[in-house]
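Report on the structure given below.
Please treat every number below as a calculation from the coordinates, not as lab data. Here the structure is a predicted model, which is why all the values come from computation and not from measurement. FYI the Cβ positions are ideal-geometry reconstructions off the backbone, even for glycines, and counts take in every protein chain you see.
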């Protein structure tokens, strides 16, 4: 079968003609402004509904309650961090009837600008900029837009609201948990030092160890890559020495998965001989490791919820405290510790 | 620091006042309709630019080239299938300057309706409905919208364009590859039979085996769940018998990962003793198995690209063939076969 598209958009003229009234009357009835008899209003409403008429959003927003829409910009093409943030924004704003439109921008600044323009053209009420790294800005300047912008999991200007997980507190909780399990020879296998979170977590790790009265060798922090392979390699390096750890805190869950697999292959029992803690609580990884992984949850949904609510307050003209909001992480205990 | 928001939206009145002209002249200059002197036009443009003025999108679309926007609706909250589709739509429509706005809908039909309404209110040009199952419809009726709708990876009505991967061809390629490697005792470890793709792949598997002149026992198709755990359990069941396979075709990459890990633990060499093929080419899994996984790629990006182009043709009033479009899958050979 062959079909042609699109059906032409229905206008107020069509509605008025179908209801046998002037366009002014049709408009008044649909916008609930001015006087229209109950019967006429009902007839116009029915005509609008039958025809599938949708009023122009701007016209509607000027005359009555409008559809509120948040634009979510991201450079996280896997959506691993962005989708939980998006779910949190939606959940937090459900009572406001807010919809969230996500637009993925590439590294190309010109293209990114095109997408931002499209959001503004579509009269989006505010924008949440999000990404995969708290130490990188998106490839587009959002500082002079006619709508408010909130930043989450990406770098924002000093005079904006920027929400990030409290990596240092999460790290302290991870170390505290391992120490609480009686572990004392703890190492930290983590990602590349070019990431600011790697530096922050390494610093927090060292401080937490010292605070617990435990010795920390400089070799206890092992930067590498965010991969299972690095988990395997790090275990190989550690187990080729006689000075082996009894606790391992990993920079993400993929590293932790590599570590746990590598330990099983060496017949090292987790958690009996070595406790392992990850970071991210990426459930598709954390729940499938054997044993399931104890890890730090960055509470990205809650972060999205708060970002959405901050944005709505800005859109409504309320005051919001700007600067960096560090939101708490949570330890999720499973079988690996 | 405390800031208040939002900055009030700049209107044509502000631009006209700043440029010292009437609103009619400002409108003419910005919309490039009617006669305005070159100098006046330049002054108005500068005022608009300085003030950050953005014309109403509908007004613009009526008078000149507008920003074209595709709404992408999904119920795939992990985005595993939707994000590649989204990337494909974007890439395929870059030359058209099209932006894609993704809106995640829940199982709640009322909420889903709110999001669809928001998209229509924002004058989105067309909608692509997508999901995580080709045998389920989204929880909202999209058959009477004033914009064209294309379906991808979700069930659509018979008179619409619906794009799905050709699971049967993908299955034939997987079996053909295993047979080509000299495998003859091949089993198919797959997901729950409530999924139509599970049925289709099982049928195609059996037919491909028969076509290759190989015996197929009914027990050769092992439905279960889409998890690593099921991969482990299935290997345990198979290896507790003496009739062991030399080729395993898995219904997804997570099952395949469980299978490969379970075989390693039994010291069964992959691919020497057993060849393993997955389905999905979910790179974060397929590239991290040891050895890396041979698998079937559903080419979701290409599927998104074609969905986007079909939608643009519909929006432009061109003819498009409706019905089910089955797009080819591709075998990606890595170390496991």
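Would you work out if region B:167-297 is rounded, prolate or oblate? Take a ≥ b ≥ c from the square roots of the eigenvalues of the alpha-carbon gyration tensor; rounded if a/c is under 1.5, else prolate when a/b is larger than b/c, oblate otherwise.
The shape class here is rounded.
Using a label point 7 Å beyond Cα on the Cα-Cβ vector, give me the inter-copy distances for residue B:110 in nanometres, one decimal, shortest first.
Listed shortest first, these distances are 4.8 nm.
So, in nm, how far is label residue B:51 from label residue A:330 when the simple model puts each one 7 Å beyond its Cα toward the Cβ?
Taking the two extended label points, one gets 4.8 nm.
Calculate the spin-label point distance for residue B:284 paired with residue A:283, positioning each point 7 Å from the Cα along the beta-carbon direction, and give it in nanometres.
1.4 nm
Can you tell me the 0 to 90 degree angle between the C-alpha axis of helix B:82-93 and the longest principal axis of chain B, rounded to 10?
50 degrees
Show that you can apply the helix-only estimate: for chain B, add -39,500 (n - 2.57) for every DSSP H stretch of four or more residues, divide by all residues, and state [θ] at 222 nm to the nearest 500.
Taking each H run of at least 4 residues, the total per residue is -12500 deg cm²/dmol.
Given axes a ≥ b ≥ c from the Cα gyration tensor, I'd like to know whether the protein assembly as shown is rounded (a/c under 1.5), prolate (a/b larger than b/c) or oblate. Each step should come with its number before you reach the end.
Values: a/c = 2.54, a/b = 1.43, b/c = 1.78.
Oblate shape, in that a/c is at least 1.5 and b/c is the bigger or equal ratio.
Within a 10 angstrom radius of the beta carbon, how do B:314, A:178, A:327, A:311 rank from fewest other beta carbons to most?
A:327, B:314, A:178, A:311
Can you sort B:80, A:257 so the residue with the fewest Cβ neighbours within 10 Å comes first?
B:80, A:257
If one computes the Cα centroid of region A:248-327 and of region B:309-337, what distance in Å separates the two points?
36 Å
Would you please give the FRET efficiency between residue A:225 and residue B:106, computed as 1/(1 + (r/R0)^6) with r the Cβ-Cβ distance and R0 = 51 Å, to the nearest 0.05?
The formula returns an efficiency of 0.90 here.
Take the alpha carbon atoms of region A:84-209, find their radius of gyration, then divide it by 2.2 N^0.38 Å using N residues; give the quotient.
Taking N as the residue count of region A:84-209, the ratio is 1.34.
I need the shape label for chain B. Rule: rounded when a/c is under 1.5, else prolate if a/b > b/c, else oblate, with a, b, c from the alpha carbon gyration tensor.
The shape class here is prolate.
For the pair residue A:169/residue A:267, report the inter-label distance in nm, with labels modelled 7 Å from Cα in the Cβ direction.
Result: 4.5 nm between the two label points.
Once the Cβ-Cβ distance between residue A:37 and residue A:94 is put in as r, and R0 is 35 Å, what FRET efficiency do you end up with, to the nearest 0.05?
In this case the efficiency is close to 0.45.
If you rank B:95, A:141 by fewest surrounding Cβ atoms within 10 Å, what's the result?
Result, fewest neighbours first: B:95, A:141.
To the nearest 0.05, how large is the calculated FRET efficiency for residue B:243 and residue B:211 if R₀ is 25 Å and r is the Cβ-Cβ distance?
For R0 = 25 Å, the calculated efficiency reads 0.65.
Which whole-number percent is the relative contact order of chain B (Cα, under 8 Å, 6+ apart)?
Averaging sequence separation for qualifying contacts and normalising by length gives 18 percent for chain B.
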